[in-house]
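Asks: I am attaching a structure below and will ask some questions about it afterwards.
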Amino acid sequence: MSDTSVVDNSTGKEKSRYTSGTIYKMIIAITFLLAFGLIMIFSASSYGTAASNFRSQLVFIVFGALAIWGLAFFPYGLYKKLTWPAYFLSLILTFLLLTPLGVNVNGATRWIQIPHIPFRIQIADIVKTLMIIFIASFISSKWREMHKWQTVIILWVLVGLQAGLLLVISTNLSSCLVVLGICYCSTFIASKNWKLHLGILLIAVVVAVVYVKVATSYLPTEEELLSNDNFRAKRILGWLYTEKYEKSAGYQVIQSLYAIGSGSFFGKGLGNGTQKLSAIPEAQNDMIFAIICEELGVAGAIMLFLLYGYLLYQMYVIVKESSNVFGSMMVIGVMVHLVCQIVINVSVATNVIPNTGVTLPFISSGGSALLMTMVECGMCIGIRRQQTRRVYQKHLNE
């Protein structure tokens, strides 16, 4: 990796090192991930919907590319002025789900349909991005107080309120956890108050264990489970007792495991997967990782993780070489968001955690999720571009 070195003419000594080409490397990684996703969406879709899913994803890629280009020139300092507007907008968008604009799909209202717009918007995707801005701005404005547990708790309460509304109004537990995860990791990095964070983590683990114990205190028959309206209990039972409920709650997961196991190391070949045909419904969405493993094998999964790792490393470079707290926390928020999405999606496909609807960044079919992920990458590119300009301008002035 090449670096930009600046030499002091009076002393002849190198004054600083600044990694060059980070923006271009990010764009290359994003391009490869998008291309990978397009190929897998076309391959994972059923024969009747492959072309339409491909076209739809391509349209959102074009919009996302325009967003990246625009945000690359947007002064990121202005984001800080959107601290409270971003927070209240996230609340307003969440409450929109309760209006006639809200769209109910499979018993959950997570989308809004604006008249004359040919696609639905998933509110949680926008909320996550808005909360990244809010969290970064709050931390940067309270930077000298972040070691105080009171300051951390205030931020947790504010973010927890938004996450709780997502859970209550849209029944979207996965997005609620992602928002909380972004906040938790950001404050852990900023405050260095490991005792407080460890205590909260232990409480969360205890609550989760108790909830699982209660949910599994009675094991219904498969017929009883099919008529049960408590979908979270179904998912926990399908996770822990996959084979017992292989025809109901464990069906999608067990089919995903079949797909992953049958792919071996090199896979069956692109387009040759069979689980996507009927065994895994909507395979191009949340379970696309299983199709990747079936058709491209472990080798394909490794290639995907390397692309993710390369992109995340470029973001790490931005954070490492940044002298601005707000810019650093923005990029950290985006990194945590991507990692959460990847870990949750892959863990669901491999039955490490209960089934929950989280897309695989850049890969899964889903317009609003893809668009907002690209918006976040555009914000990172804009931050890096302005960092670079300031550093070079400073050296020129010197």
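Asks: In 10 Å bins starting at zero, report the fraction of Cα pairs in the range 171-214 per bin as a rounded %.
Replies: Percent of pairs per bin, in order: 25, 48, 24, 3.
Asks: What does the accessible area per residue of the chain come to in Å², with a 1.4 Å probe and no ligands, DNA or RNA counted?
Replies: 48 Å²
Asks: Then there is this: For the cross-link pairs K192/K320; K128/K192; K142/K320; K213/K247; K25/K276, which exceed 25 Å when the distance is taken from alpha carbon to alpha carbon?
Replies: With Cα atoms farther than 25 Å apart: K25/K276.
Asks: Next question. For a quick check of your reading of the filter: which trypsin sites (Lys or Arg not before Pro) in the range 159-223 sit in a DSSP loop and have no more than 14 other Cβ atoms within 10 Å?
Replies: K192
Asks: Kirkwood Rh over Cα pairs of the range 47-188 into Stokes-Einstein at 20 °C, 1.002 mPa s: D in µm²/s?
Replies: The Stokes-Einstein estimate is 127 µm²/s.
Asks: Let me ask you something else. Tell me the carbon and sulfur percent of the accessible area for the chain, rounded to whole percent, probe radius 1.4 Å.
Replies: After summing per-atom areas, the C and S share lands at 67 percent.
Asks: May I ask which residue of I112, I126, V212 lies farthest towards the positive end of the charge dipole of the range 110-248, with charges of +1 (Lys, Arg) and -1 (Asp, Glu) on Cβ and the Cα centre as origin?
Replies: I126
Asks: Right, here's the next one. Could you give the size of the charge dipole of the chain about its Cα centre, using +1 on the Cβ of each K and R and -1 on the Cβ of each D and E, expressed in debye and rounded to the nearest 20?
Replies: Roughly 1220 debye, rounded to the nearest 20.
Asks: Determine the dipole magnitude for the range 175-316: charges of +1 sit on the beta-carbon of Lys and Arg, -1 on that of Asp and Glu, nothing else is charged, the reference point is the Cα centre, and the result goes in debye to the nearest 20.
Replies: In debye, rounded to 20, the range 175-316 gives about 560.
Asks: Quick one: divide the alpha-carbon radius of gyration of the chain by 2.2 N^0.38 Å and tell me what you get.
Replies: Relative to the rule-of-thumb radius for its length, the chain sits at 1.04.
Asks: Rg and Dmax in Å for the range 218-369, alpha carbons only: what are they?
Replies: Radius of gyration, then largest Cα-Cα span, for the range 218-369: 17.9, 60 Å.
The values are calculated or read from the model by the stated rules, or taken from the named source; none is laboratory data. Everything numeric in this text was worked out from a predicted model, so none of it was measured. Glycine also receives a Cβ, built like all others from the backbone with ideal geometry; neighbour counts cover every protein chain displayed. Note: areas computed on protein heavy atoms with side chains; ligands, DNA, RNA excluded. Shrake-Rupley method; radii C 1.70, N 1.55, O 1.52, S 1.80 Å.
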